[in-house]
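Report on one structure; see the data block that follows.
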Amino acid sequence: MSTILSVENLNVAYGSIHAVKGVSFDVNEGEIVTLIGANGAGKSTTLNTIAGLLRGKSGSVTFMGEDLGKIPPHKIVSRGMALVPEGRRVFLQMSVQENLEMGAYTKGGAGVPADLEMVYDLFPRLKERRRQVAGTLSGGEQQMLAMGRALMSHPKLLMLDEPSMGLAPILVEQIFEIIQNLHKAGSTILLVEQNAQAALSIADRGYVLETGKIVTTGPSGELLASAAIKKAYLGG
Ligand SMILES: Nc1ncnc2c1ncn2[C@@H]1O[C@H](COP(=O)(O)OP(=O)(O)O)[C@@H](O)[C@H]1O
Ligand SMILES: [Mg+2]
(Lines give C-alpha, C1' and ligand atoms only; values in the text may rest on other atoms or scores of the structure.)
(Ligands and ions follow the chains in the order given, each with its own letter.)
Protein backbone atom coordinates (compact mmCIF):
# COMPACT_ATOMS: atom_id res chain seq x y z
CA MET A 1 0.00 0.00 0.00
CA SER A 2 1.50 3.33 -0.94
CA THR A 3 1.53 6.32 1.36
CA ILE A 4 -0.29 9.34 -0.05
CA LEU A 5 0.13 11.72 2.85
CA SER A 6 2.72 11.76 5.55
CA VAL A 7 2.77 14.33 8.34
CA GLU A 8 5.86 14.35 10.51
CA ASN A 9 6.39 16.11 13.79
CA LEU A 10 4.19 19.03 12.78
CA ASN A 11 4.06 22.07 15.04
CA VAL A 12 1.69 24.95 14.42
CA ALA A 13 1.17 28.03 16.54
CA TYR A 14 -1.03 31.11 16.54
CA GLY A 15 1.27 33.61 18.20
CA SER A 16 1.86 32.19 21.67
CA ILE A 17 -0.84 29.51 21.31
CA HIS A 18 0.84 26.23 20.41
CA ALA A 19 -2.16 24.53 18.76
CA VAL A 20 -0.49 21.49 17.14
CA LYS A 21 2.36 19.84 19.02
CA GLY A 22 4.54 17.36 17.20
CA VAL A 23 1.77 15.63 15.30
CA SER A 24 2.72 12.69 13.05
CA PHE A 25 0.43 10.46 11.03
CA ASP A 26 0.00 9.03 7.57
CA VAL A 27 -2.69 8.12 5.09
CA ASN A 28 -2.30 5.28 2.60
CA GLU A 29 -3.91 5.01 -0.78
CA GLY A 30 -7.54 3.88 -0.59
CA GLU A 31 -7.87 4.37 3.16
CA ILE A 32 -10.24 6.40 5.27
CA VAL A 33 -8.20 7.73 8.16
CA THR A 34 -9.92 9.71 10.86
CA LEU A 35 -8.50 12.31 13.19
CA ILE A 36 -10.84 12.58 16.16
CA GLY A 37 -10.80 14.92 19.11
CA ALA A 38 -12.80 17.38 21.15
CA ASN A 39 -13.46 20.99 20.26
CA GLY A 40 -10.16 22.90 20.27
CA ALA A 41 -7.95 19.80 20.00
CA GLY A 42 -6.21 21.14 16.89
CA LYS A 43 -8.01 19.19 14.16
CA SER A 44 -8.79 22.11 11.85
CA THR A 45 -5.37 23.64 12.42
CA THR A 46 -3.81 20.36 11.29
CA LEU A 47 -5.96 20.11 8.16
CA ASN A 48 -5.54 23.74 7.23
CA THR A 49 -1.78 23.43 7.54
CA ILE A 50 -1.76 20.35 5.30
CA ALA A 51 -3.82 22.29 2.74
CA GLY A 52 -1.36 25.19 2.84
CA LEU A 53 -3.77 27.70 4.40
CA LEU A 54 -1.53 27.92 7.47
CA ARG A 55 2.24 27.55 7.78
CA GLY A 56 3.67 25.14 10.30
CA LYS A 57 6.46 26.28 12.62
CA SER A 58 8.32 23.04 12.10
CA GLY A 59 7.83 19.52 10.83
CA SER A 60 6.93 18.32 7.38
CA VAL A 61 3.99 17.40 5.19
CA THR A 62 4.74 15.05 2.31
CA PHE A 63 2.04 14.52 -0.29
CA MET A 64 2.50 12.04 -3.14
CA GLY A 65 6.21 12.00 -2.38
CA GLU A 66 6.59 15.77 -2.56
CA ASP A 67 7.55 18.04 0.36
CA LEU A 68 4.71 20.57 0.50
CA GLY A 69 6.84 23.02 2.45
CA LYS A 70 8.63 23.70 -0.83
CA ILE A 71 5.48 24.44 -2.82
CA PRO A 72 3.62 27.76 -2.82
CA PRO A 73 0.20 27.32 -1.14
CA HIS A 74 -1.81 28.20 -4.27
CA LYS A 75 -0.21 25.28 -6.11
CA ILE A 76 -1.12 22.65 -3.51
CA VAL A 77 -4.64 22.08 -4.85
CA SER A 78 -3.28 21.36 -8.31
CA ARG A 79 -1.23 18.55 -6.76
CA GLY A 80 -4.48 16.69 -6.12
CA MET A 81 -5.64 17.61 -2.64
CA ALA A 82 -9.13 18.90 -1.87
CA LEU A 83 -10.33 20.28 1.47
CA VAL A 84 -13.96 20.62 2.48
CA PRO A 85 -13.59 23.19 5.25
CA GLU A 86 -15.41 23.27 8.55
CA GLY A 87 -18.76 25.04 8.16
CA ARG A 88 -18.82 24.06 4.43
CA ARG A 89 -18.42 27.61 3.01
CA VAL A 90 -20.16 27.29 -0.32
CA PHE A 91 -20.79 30.38 -2.43
CA LEU A 92 -24.20 31.35 -1.07
CA GLN A 93 -25.22 33.69 -3.89
CA MET A 94 -24.36 31.22 -6.64
CA SER A 95 -26.47 28.34 -7.88
CA VAL A 96 -25.70 24.75 -7.00
CA GLN A 97 -24.32 24.10 -10.47
CA GLU A 98 -22.18 27.25 -10.47
CA ASN A 99 -20.69 26.16 -7.16
CA LEU A 100 -19.82 22.79 -8.64
CA GLU A 101 -18.29 24.40 -11.72
CA MET A 102 -16.05 26.46 -9.41
CA GLY A 103 -14.65 23.19 -8.13
CA ALA A 104 -13.60 22.21 -11.63
CA TYR A 105 -12.04 25.59 -12.31
CA THR A 106 -8.46 24.64 -11.47
CA LYS A 107 -8.58 21.87 -14.03
CA GLY A 108 -9.26 24.13 -17.01
CA GLY A 109 -12.80 23.16 -17.93
CA ALA A 110 -12.36 20.00 -20.00
CA GLY A 111 -14.65 17.21 -18.90
CA VAL A 112 -16.85 19.41 -16.72
CA PRO A 113 -20.19 18.01 -17.98
CA ALA A 114 -19.06 14.45 -17.22
CA ASP A 115 -17.84 15.50 -13.78
CA LEU A 116 -21.16 17.21 -13.06
CA GLU A 117 -22.94 13.97 -13.94
CA MET A 118 -20.62 12.05 -11.61
CA VAL A 119 -21.45 14.41 -8.74
CA TYR A 120 -25.18 14.40 -9.54
CA ASP A 121 -25.18 10.59 -9.54
CA LEU A 122 -23.65 10.68 -6.09
CA PHE A 123 -25.97 13.42 -4.82
CA PRO A 124 -29.33 13.23 -6.65
CA ARG A 125 -30.66 16.00 -4.39
CA LEU A 126 -28.15 18.40 -5.83
CA LYS A 127 -29.30 17.56 -9.34
CA GLU A 128 -32.90 18.39 -8.46
CA ARG A 129 -31.71 21.68 -7.02
CA ARG A 130 -29.04 22.54 -9.55
CA ARG A 131 -30.49 25.95 -10.41
CA GLN A 132 -31.29 26.83 -6.80
CA VAL A 133 -29.15 29.43 -5.05
CA ALA A 134 -26.85 27.68 -2.56
CA GLY A 135 -27.81 30.02 0.30
CA THR A 136 -31.31 28.54 0.30
CA LEU A 137 -30.13 24.93 0.73
CA SER A 138 -30.43 23.14 4.06
CA GLY A 139 -27.28 22.46 6.10
CA GLY A 140 -27.11 18.88 4.89
CA GLU A 141 -27.52 19.92 1.27
CA GLN A 142 -24.79 22.53 1.66
CA GLN A 143 -22.51 19.83 3.05
CA MET A 144 -23.28 17.68 0.01
CA LEU A 145 -22.55 20.65 -2.24
CA ALA A 146 -19.24 21.36 -0.55
CA MET A 147 -18.26 17.71 -0.94
CA GLY A 148 -19.47 17.62 -4.54
CA ARG A 149 -17.46 20.74 -5.34
CA ALA A 150 -14.33 19.13 -3.90
CA LEU A 151 -14.91 15.99 -5.96
CA MET A 152 -15.09 17.99 -9.19
CA SER A 153 -11.28 18.20 -9.15
CA HIS A 154 -10.87 14.39 -8.83
CA PRO A 155 -8.70 14.73 -5.76
CA LYS A 156 -6.18 12.03 -4.87
CA LEU A 157 -6.87 12.96 -1.26
CA LEU A 158 -10.18 14.30 0.02
CA MET A 159 -10.03 16.03 3.39
CA LEU A 160 -13.26 16.60 5.29
CA ASP A 161 -13.38 18.90 8.30
CA GLU A 162 -16.27 17.88 10.56
CA PRO A 163 -18.86 17.05 7.90
CA SER A 164 -21.35 16.10 10.62
CA MET A 165 -21.22 19.45 12.41
CA GLY A 166 -24.65 20.93 13.03
CA LEU A 167 -26.53 18.22 11.15
CA ALA A 168 -29.48 16.19 12.42
CA PRO A 169 -28.66 12.50 13.09
CA ILE A 170 -30.47 11.27 9.97
CA LEU A 171 -28.39 13.62 7.80
CA VAL A 172 -25.19 12.61 9.54
CA GLU A 173 -26.05 9.05 8.60
CA GLN A 174 -26.62 10.04 4.97
CA ILE A 175 -23.38 12.01 4.73
CA PHE A 176 -21.40 9.15 6.26
CA GLU A 177 -23.00 6.67 3.90
CA ILE A 178 -21.82 8.82 1.01
CA ILE A 179 -18.31 8.98 2.45
CA GLN A 180 -18.39 5.20 2.68
CA ASN A 181 -19.48 4.94 -0.95
CA LEU A 182 -16.61 7.19 -2.00
CA HIS A 183 -14.27 4.90 -0.09
CA LYS A 184 -15.67 1.83 -1.84
CA ALA A 185 -15.16 3.58 -5.17
CA GLY A 186 -11.46 3.94 -4.30
CA SER A 187 -11.18 7.45 -2.83
CA THR A 188 -8.58 8.21 -0.19
CA ILE A 189 -10.07 10.25 2.65
CA LEU A 190 -8.81 12.10 5.69
CA LEU A 191 -11.82 12.65 7.93
CA VAL A 192 -11.65 15.04 10.86
CA GLU A 193 -14.47 14.60 13.37
CA GLN A 194 -15.69 15.37 16.84
CA ASN A 195 -18.31 12.66 16.29
CA ALA A 196 -15.92 9.81 17.13
CA GLN A 197 -18.55 7.10 16.97
CA ALA A 198 -19.67 7.95 13.44
CA ALA A 199 -16.13 8.52 12.17
CA LEU A 200 -14.66 5.32 13.64
CA SER A 201 -17.57 3.28 12.33
CA ILE A 202 -16.53 4.00 8.72
CA ALA A 203 -12.76 4.59 8.98
CA ASP A 204 -9.96 2.05 8.59
CA ARG A 205 -7.74 3.67 11.18
CA GLY A 206 -7.95 6.52 13.61
CA TYR A 207 -5.79 8.96 15.53
CA VAL A 208 -6.98 10.65 18.70
CA LEU A 209 -5.92 14.25 19.16
CA GLU A 210 -5.95 15.86 22.61
CA THR A 211 -4.85 19.47 23.11
CA GLY A 212 -2.62 19.37 20.06
CA LYS A 213 -1.07 15.95 20.58
CA ILE A 214 -1.84 12.51 19.22
CA VAL A 215 -2.47 10.34 22.27
CA THR A 216 -3.72 7.10 20.71
CA THR A 217 -3.82 5.45 17.32
CA GLY A 218 -4.97 2.14 15.93
CA PRO A 219 -7.45 0.33 13.71
CA SER A 220 -10.93 1.81 14.11
CA GLY A 221 -12.33 -1.38 15.61
CA GLU A 222 -9.74 -1.29 18.37
CA LEU A 223 -10.38 2.35 19.14
CA LEU A 224 -14.14 1.75 19.24
CA ALA A 225 -13.59 -1.05 21.73
CA SER A 226 -11.09 0.79 23.91
CA ALA A 227 -12.38 1.64 27.36
CA ALA A 228 -10.47 4.93 27.49
CA ILE A 229 -11.86 6.07 24.15
CA LYS A 230 -15.35 5.04 25.19
CA LYS A 231 -15.09 7.06 28.33
CA ALA A 232 -13.65 10.19 26.69
CA TYR A 233 -15.43 10.28 23.32
CA LEU A 234 -18.26 7.81 23.00
CA GLY A 235 -20.38 8.74 25.97
CA GLY A 236 -19.73 5.52 27.84
N1 LIG B 1 -7.12 31.93 14.31
C2 LIG B 1 -6.77 31.54 15.55
N3 LIG B 1 -6.12 32.36 16.38
C4 LIG B 1 -5.74 31.97 17.62
N5 LIG B 1 -5.99 30.76 18.12
C6 LIG B 1 -6.63 29.88 17.34
C7 LIG B 1 -7.06 30.23 16.01
N8 LIG B 1 -7.69 29.15 15.47
C9 LIG B 1 -7.65 28.19 16.43
N10 LIG B 1 -7.02 28.62 17.54
C11 LIG B 1 -6.77 27.85 18.76
O12 LIG B 1 -6.01 26.70 18.42
C13 LIG B 1 -6.49 25.55 19.10
C14 LIG B 1 -6.92 24.49 18.12
O15 LIG B 1 -8.04 24.95 17.38
P16 LIG B 1 -8.67 24.12 16.17
O17 LIG B 1 -7.59 23.61 15.31
O18 LIG B 1 -9.70 24.98 15.54
O19 LIG B 1 -9.35 22.90 16.94
P20 LIG B 1 -10.48 21.88 16.46
O21 LIG B 1 -10.63 21.99 14.99
O22 LIG B 1 -9.99 20.55 16.91
O23 LIG B 1 -11.74 22.28 17.19
C24 LIG B 1 -7.60 26.05 20.03
O25 LIG B 1 -7.05 26.31 21.28
C26 LIG B 1 -8.06 27.33 19.37
O27 LIG B 1 -8.59 28.22 20.30
MG1 LIG C 1 -12.30 22.42 13.87
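The values are calculated or read from the model by the stated rules, or taken from the named source; none is laboratory data. Fair warning: this is a prediction, and the values are worked out from it, not measured in the lab. All Cβ positions, even for glycine, are placed from backbone atoms using ideal geometry, and neighbour counts span all protein chains on display.
Residues in the range 25-52 that are more than 19 Å from Ser220 (Cβ to Cβ) and away from ligand 1 (no atom under 11 Å from the Cβ): Ile50, Ala51, Gly52. Restricting attention to the range 10-24 and to residues that are closer than 12 Å to Thr211 by Cβ and within 9 Å of ligand 1 (Cβ to nearest atom), the residue that is surrounded by the most Cβ atoms within 10 Å (Cβ to Cβ) turns out to be Val20.
Would you confirm whether or not the range 102-124 contains a residue that is within 28 Å of Lys57 (Cα to Cα) and out of contact with any helix residue (DSSP H, G or I) (no Cβ under 6 Å at 6 or more places or on another chain)?
Scanning the range 102-124, I find no residue that is within 28 Å of Lys57 (Cα to Cα) and out of contact with any helix residue (DSSP H, G or I) (no Cβ under 6 Å at 6 or more places or on another chain), so the answer is no.
Within the range 68-85, is even one residue surrounded by fewer than 18 Cβ atoms within 10 Å (Cβ to Cβ), more than 9 Å from ligand 1 (Cβ to nearest atom), farther than 26 Å from Leu167 by Cα and at pLDDT 95 or above? Checked against the condition, which is being surrounded by fewer than 18 Cβ atoms within 10 Å (Cβ to Cβ), more than 9 Å from ligand 1 (Cβ to nearest atom), farther than 26 Å from Leu167 by Cα and at pLDDT 95 or above, the range 68-85 yields no hits at all. Comparison of Gly135, Gly103, Gly87 shows that the only residue that is out of contact with any His (no Cβ under 8 Å at 6 or more places or on another chain) and closer than 24 Å to Glu29 by Cβ is Gly103. The set of residues in the range 201-222 being more than 16 Å from ligand 1 (Cβ to nearest atom) and within 20 Å of the chain's Cα centre (by Cα) consists of Ser201, Ile202, Ala203, Asp204, Arg205, Thr217, Gly218, Pro219, Ser220.
Of all the criteria given as (1) at pLDDT below 95; (2) under 30 Å from Arg79 (Cβ atoms), the one not satisfied by Leu171 is (2). Among the residues here, Ala199 qualifies as touching a helix residue (DSSP H, G or I) at 6+ places or on another chain (Cβ under 9 Å), over 29 Å from Gln93 (Cα atoms), touching a residue at least 40 places away in the same chain (Cβ under 8 Å) and within 16 Å of ligand 2 (Cβ to nearest atom). Each residue in the range 195-217 was checked for being within 15 Å of Tyr233 (Cβ to Cβ), in a loop (DSSP other than H, G, I, E, B) and either modelled with pLDDT under 95 or touching a Gly at 6+ places or on another chain (Cβ under 7 Å) (or both), and 1 of them qualify. Of all the numbered requirements in (1) in contact (Cβ under 8 Å) with a residue 24 or more places away in the chain; (2) more than 20 Å from Ala41 (Cβ to Cβ); (3) away from ligand 2 (no atom under 16 Å from the Cβ); (4) crowded, with 19+ Cβ neighbours inside 10 Å, Gln143 misses one, and that requirement is (3).
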